[in-house]
Amino acid sequence: MKRAEKHARAALFWSRVHRAGAQACWLWLGSRLPTGYGKMSFRGKAYYAHRLAWEFSRGSAPGRLCVCHTCDNPQCVNPAHLFLGSPRDNLHDAKQKGRIQSGRDHWSHRMPSRVSRGSGKLMSATLAEAEVLSIRTLYAAGKTTHAKLAAMFSVTDRTIGKIVRGERWKHVGGLRTKHAALGRPPKVPKTWTSS
């Protein structure tokens, strides 16, 4: 990359940073990921904001090393709050600071409805086979919608659609469309069989 282009990128980057003071967190004001980390794109490639802050302030890219935060604020791009470490160092740092949950603090204990309940062929599934049968039966009766079923079973509308059409959970029997319950041929491949 040419020196002038790098300078222009750095100027654009720092224009999107709120600098509160030398020791305070400098907050990234641009786009952020759901995790809170800032991101910035150049020529179609996205970069983490804190990694760019390291590169623009230290003069070199960190390569395969992680750019870690001493402040544990993913939005922070203050170079004074950043340090380099291996992925192992980053994990160790997260454990030491209590950011990796285990035991009763683990997400699976706080949100048990999100734990996989599959069986048979789909052990990691969110739904159990009995629930899939219920979804197909309820939808085939024609008295509910994808949205209502999605809310009832804590999945997306799209997942419900794929279940009732037989695009997912093919090994589970039951009516696959509302049309089948009404005596019309279902819109599914002929190879499927109901059990």
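Mind checking the full-extension length gain between Lys6 and Arg19? Use 0.36 nm per residue of separation minus the Cα-Cα distance, one decimal, nm.
Values: separation 13, 0.36 × 13 = 4.68 nm, distance 2.08 nm.
Extra length available between Lys6 and Arg19 comes to 2.6 nm.
Near the amide H of Phe42, within less than 5 Å, lie the amide hydrogens of Tyr47, all on another chain or at least 5 residues away, with H placed in the peptide plane. Note on Ala151 and Ser102: their simple-model spin labels are 4.0 nm apart, each label 7 Å out from Cα toward Cβ.
Given a Förster distance of 41 Å, report the FRET efficiency between Glu167 and Thr70 from their Cβ-Cβ distance, rounded to the nearest 0.05.
Numbers: r = 48 Å, r/R0 = 1.17.
It comes to 0.30.
Sequence-ordered 3J(HN,Hα) estimates for region 91-99 from the Karplus curve with 6.51, -1.76 and 1.60 and θ = phi - 60° stand at 5, 4, 4, 5, 5, 4, 8, x, 8 Hz, glycine and proline given as x. Spacing of the modelled spin labels on Arg110 and Ala128, each 7 Å from Cα toward Cβ, amounts to 2.6 nm.
Each reported figure results from applying straightforward, stated rules to the coordinates on display, with no laboratory input. All figures in this text were calculated on a predicted structure; none of them were measured in a lab. Note that we place each Cβ from the backbone using ideal geometry, even for glycine, and neighbour counts take in every protein chain shown.
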